[in-house]
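Q: Sharing a structure here in structure tokens format.
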Amino acid sequence: MVSDEIPQISSSLATEIPIEIVSDEEMSLIEAAFSLAFATKRTYNNSSSYCLGDIEDGEWCEKQKEFFLVCGKPKASRAMKVGSARHAVLEEEVITRVEVLVRSAEEHWALKMINFIHGTNQLILDGLTRELPLIGFAEGVCVVGVIDEIQMMKSGDGPTLVETKTRSQNNLPSEPQQRNARLQLMCYKYFWDNLLTQPFPSQLFLELFSLNPDYVLSKEIREFAIQAGAPVQTLNDVLGKYQYVCSMLPGPRDQLLLRYEYQQDQSLIGENEYLYDYDWVTHQIRSSIEFWKGEREASYALENERWKCRHCMYASRCPINTALISYNQVDSSVISKSTVNSSGHLERLACLEDKKIWEVIVTLPKDTRDTHKKCGAYGSCSNADAETLCLCLDEKIFKPVNKESWEIGDSAGGCVRRIPLDCKSGTNGFIKYSYYHLTYSFFSTTNCSCSR
Ligand code: SF4
């Protein structure tokens, strides 16, 4: 649907910005531009364009980012969809979206820049803007992103950059997640500061995306540019206005604000101010761009943060979780092979030529109870009935995380406490469980003391 209406600037805080309706033809142009990012010997290096989100993804785990690039990003989870919907609501509090047809890559970039000019005007006039698109450069690479929120301080100390994260749980996330969000905020400031202090490299930008500077923008876009206070005809005009506005921007404060909101009722879980750390963010951006350009291999999740691998959909393909098995065959006349069966067990088979069958001669692990994470956290594995069975460690204290999955034999999700731990009341302590052993230690039956 295309709206012919020219957006009107409202005197209220809510103002209108155009959004893009992308035709198939234009999408292929944009994809061609972005495909620079993916078409290389490692499929993504030699790129000219980079998203701010790529820097954060890489900080979480570059190897996972590499999997995303090669295999495609996983579908958005429910929590992510709820988060996006909340951001749309926050955006609509200050901005009314207007649909605009975008016919070319030139118009795609021009619209981003006009929206930036519009957003900065709104910041100066109303003291607040949200979802501000940003196009910047670092190490010769074009970086695009969207700043969540910018507030002008009443004290006149300059704008404050704000990032709002929504959570499905009513608690603050782990430090690595908070660090990742801090990086996002600091990247905003880094690129904003760059726009202030360094002239926007228009020529480089045009060459990187093979854009025609004399491209005449549609009437719709030109009219919107007038509303944004930046009358233009061509892409080159937009670049000139963008450069000018960037040079006039107020510098953001060194204090950056990170807010966490509970998805269920939008209540504030917590907010923290962080001081901008130029050295850290510069190091992170350079390191990320080195990886992006293919100048080094992807790094893995930090050793003390390998719990991330439990939530990683590529864990089974990640080299960090694989092992090399080699063997020498004593009798070369025996025909044999190794396979991994549908339960994930390694089997060694020998060909019995007289019977014309393959016979399993070795299975690893030897005991199905030694299958890693078969019963998950607080789960225990028993094969008393010759059939491996998962149970919760103590049915009175724990219950399966997902009863339906357990019923169909998938117990890897493990168990959770029926009643949360209450360390303050003094009613919780330790209980000794006898005759249990951990996976991979079958020969060392252990008596363990676990918190209950
Ligand atoms: S398994 Fe771990 S190290 Fe490998 S890609 Fe996933 S998160 Fe990164």
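Q: Calculate one ³J(HN,Hα) per residue across the range 228-240 by plugging θ = phi - 60° into the Karplus curve 6.51 cos²θ - 1.76 cosθ + 1.60, and present them in order as whole Hz with x for glycine and proline.
A: 7, x, 9, x, 9, 10, 10, 4, 4, 4, 4, 4, x
Q: Counting only C-alpha contacts under 8 Å and six or more residues apart, can you give the relative contact order of the range 325-364 as a whole percent?
A: The value is 29 percent.
Q: Hey, which lysines would be in cross-link range of Lys63, C-alpha to C-alpha under 21 Å, not counting anything within fewer than 8 residues on its own chain?
A: Output for Lys63: Lys41, Lys73, Lys75, Lys293, Lys308.
Q: Ordered by residue, what ³J(HN,Hα) values in Hz, to whole numbers, does the range 419-431 give under the Karplus form 6.51 cos²θ - 1.76 cosθ + 1.60, where θ = phi - 60° and Gly and Pro are x?
A: 10, x, 4, 10, 5, 6, 6, x, 8, 9, x, 10, 10
Q: If each residue's Cβ is checked for other Cβ atoms within 10 Å, how do Glu91, Glu271 rank with the fewest at the top?
A: Lowest to highest Cβ neighbour count: Glu271, Glu91.
Q: Would you mind working out the magnitude of the charge dipole of the range 15-311 relative to its Cα centre, with +1 at each Lys and Arg C-beta and -1 at each Asp and Glu C-beta, to the nearest 20 Debye?
A: Magnitude of the dipole: close to 680 debye.
Q: As an exercise, use a Förster radius of 45 Å and the Cβ-Cβ distance of Gln233 and Leu172 to find the FRET efficiency, rounded to the nearest 0.05.
A: After rounding to 0.05, the efficiency reads 0.35.
Q: Order these by the 10 Å Cβ neighbour count, fewest first: Lys75, Lys373, Lys189.
A: Listed from fewest to most nearby Cβ atoms, that is Lys75, Lys373, Lys189.
Q: Which value, in debye to the nearest 20, describes the size of the charge dipole of the range 325-364 about its Cα centre when Lys and Arg Cβ atoms bear +1, Asp and Glu Cβ atoms bear -1, and nothing else is charged?
A: Dipole of the range 325-364, to the nearest 20 debye: 100 debye.
Q: Let me ask something else. Which value, in debye to the nearest 20, describes the size of the charge dipole of the range 180-293 about its Cα centre when Lys and Arg Cβ atoms bear +1, Asp and Glu Cβ atoms bear -1, and nothing else is charged?
A: That gives a dipole near 180 debye.
Q: Can you sort Trp60, Trp358 so the residue with the fewest Cβ neighbours within 10 Å comes first?
A: So the residues, fewest neighbours to most, are Trp358, Trp60.
Q: Moving on to the next point. Can you list the HN-Hα couplings for the range 285-302, worked out from phi with the Karplus curve (6.51, -1.76, 1.60; θ = phi - 60°), rounded to whole Hz and with x for Gly and Pro?
A: The phi angles translate into 5, 4, 4, 5, 6, 4, 4, 4, 7, x, 7, 8, 6, 5, 8, 9, 4, 3 Hz.
Readers should treat all values here as calculations from the given coordinates under stated rules, not as data from a laboratory. These numbers come from a predicted model, not from an experiment. Glycine gets a Cβ as well: all are built from the backbone with ideal geometry, and neighbour counts include every protein chain shown.
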